[in-house]
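A short worksheet on the structure shown next.
Nothing in this text is a laboratory measurement; each read-out follows from the coordinates by a stated rule. What you see is a predicted model, and the numbers here were worked out from it, not measured in a lab. As a convention, Cβ positions derive from the backbone with ideal geometry for all residues, glycine included, and neighbour counts pool all protein chains shown.
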Amino acid sequence: MSKILVTGAAGFIGSYLSKALLEKGFEVVGLDNINDYYNVNLKYGRLEHLCGVKKDDINDNMAALSGKYPLYKFYKSDITDREFLPQLFEKEKFDIVCNLAAQAGVRNSITNPFSYAESNLMGFMNVLEACRNNSISHLIYASSSSVYGMNDSVPFKESDKTDSPVSLYAATKKANELMAFSYSKLYNLPTTALRFFTVYGPWGRPDMAPFLFMKANMSGDTIRVFNNGDMRRDFTYIDDIVTGITKVVEGKTKIEGVPHKIYNIGNSTSIELMDFIKCIESCSGRKFEYDFVEMQKGDVVCTYADTTRLLNDYGYSPCTSIKTGVKNTYEWFENWNHLI
């Protein structure tokens, strides 16, 4: 089986992906800087409960072994470290790289722009260089639905224009796609971009709407609903996302010309924000108090993924309904909200 590096391994998607790959028999090395963008205890919790790595065993730039999976080790380090990252590639000799490490958050990119340039641009540059210098057979990396900007043609297709991002975060993700394409062209490095659409589920990010709403619902606080509630999102449950990534890791698709491909990965259904909120109310048995406000800078009104390309090439077909996904997420939140 292949040996896979998962960066952003203490993150929401990265921790789930690591677990899924390990259960399929892959050897996995996780890497994450465990920054304090949100509560680090949530990140350590993912590592322990999903991947079997305990906080007390984690030290900078040193391998921490899993007590659950013999084929897993974790390094606390940063993809921006131009000295350590090449050494890690040389030492571990990866076959495949799944780069999920990035500074996340559309709204935060407006107030803290330099952290996005450092992590999402320079960090990704380091990953590309390490891949091309170490004969990596496939680099799979996280892009985002945010690259579509104010695109009003739905559902979003990979062929749609993406040259008008409305946030710095989106601009860095578009830049990643262009950088990867150039490395695929120059060095024949196979690269695949996955444009994620609003991923949610247990162990999810506390800065995103699902957990913000659940926290407010539990505490009885008023929630802010942007654009007066006139918003739609392609909410995609974490299990469907991970199944899709795993299919790309395991599969092979014939690419003519430059070995670079872009895929949408979402639920392929756009849900009214108010309908999502009402699902939470149904799970909790409590109604929200609403504060309807204007659209925030960097936000878009609608996201909606056309996943036909991923279906045709890899057989991707999401199957988790919003009702089931919200129920599973809320049940987790009731027990673990102290980490949020």
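Table for the structure above
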{"item": "Calculated FRET value between Asn41 and Lys297, using beta carbons and R₀ = 41 Å, to 0.05", "result": "0.85"}
{"item": "Fraction in percent of alpha-carbon pairs per bin - 5 Å, segment 279-340", "result": "3, 12, 12, 14, 18, 20, 12, 6, 2"}
{"item": "Pairs of Cα atoms farther than 13 Å apart, segment 42-86, %", "result": "54"}
{"item": "For segment 104-120, 3J(HN,Hα) per residue [Karplus equation, 6.51 cos²θ - 1.76 cosθ + 1.60, θ = phi - 60°, Hz, x = Gly/Pro]", "result": "9, x, 5, 5, 5, 5, 6, 9, 10, x, 5, 5, 6, 5, 5, 6, 7"}
{"item": "Taking Cys279, Cys98, Cys131 and counting other C-beta atoms within 10 Å, the order from fewest to most", "result": "Cys279, Cys131, Cys98"}
{"item": "Calculated FRET value between Lys157 and Lys287, using beta carbons and R₀ = 30 Å, to 0.05", "result": "0.20"}
{"item": "GluC sites (Glu not before Pro) lying in DSSP loop within segment 170-261, provided at most 11 other Cβ fall within 10 Å", "result": "Glu256"}
{"item": "FRET E, pair Met208, Asn61, Förster distance 25 Å, beta-carbon r, rounded to 0.05", "result": "0.25"}
{"item": "Gain in span if fully extended, Lys254 to Lys93, counting 0.36 nm per residue against the direct Cα distance", "result": "55.5 nm"}
{"item": "Long-range tail of P(r) for segment 1-99 (Cα pairs > 18 Å, %)", "result": "37"}
{"item": "Out-of-range pairs (alpha-carbon distance over 29 Å; input Lys3/Lys261; Lys3/Lys323; Lys19/Lys161; Lys3/Lys76; Lys73/Lys254)", "result": "Lys3/Lys323; Lys19/Lys161; Lys73/Lys254"}
{"item": "Cα-based reach from Lys297 at 16 Å (exclusive), listing lysines while leaving out same-chain residues under 8 positions away", "result": "none"}
{"item": "Karplus (6.51, -1.76, 1.60) ³J(HN,Hα), θ = phi - 60°, over segment 152-167, in Hz, Gly and Pro reported as x", "result": "9, 9, 10, x, 5, 10, 4, 7, 5, 5, 9, 9, 9, x, 10, 8"}
{"item": "Charge dipole of the chain about the Cα centre (unit charges at C-beta), most positive-ward option of Ser137, Ala117, Pro155", "result": "Ser137"}
{"item": "Cut-off 15 Å between beta-carbons: net charge of the residues surrounding Gly25, Lys and Arg +1, Asp and Glu -1", "result": "0"}
{"item": "Principal semi-axes in Å for the chain [√(5λ), Cα gyration tensor, largest first]", "result": "30, 24, 19"}
{"item": "Highest to lowest packing among 169-175, 20-26, 289-295, scored as the average C-beta count within 10 Å", "result": "169-175, 20-26, 289-295"}
{"item": "For q = 0.13, 0.21, 0.29 Å⁻¹, Debye-computed log10 I/I(0) when each Cα of segment 138-184 counts as one equal scatterer", "result": "-0.29, -0.71, -1.13"}
{"item": "Estimated inter-spin distance, Lys24 and Asn312, nm [label 7 Å along Cα→Cβ]", "result": "2.2"}
{"item": "Sum of -39500 (n - 2.57) over DSSP H runs of 4+, divided by residues of the chain (222 nm, nearest 500)", "result": "-11500 deg cm²/dmol"}
{"item": "In Å, descending, principal axis extents of the Cα set of segment 80-215", "result": "44, 34, 28"}
{"item": "Against the rule of thumb 2.2 N^0.38 Å, how large the Cα Rg of segment 163-241 comes out", "result": "1.49"}
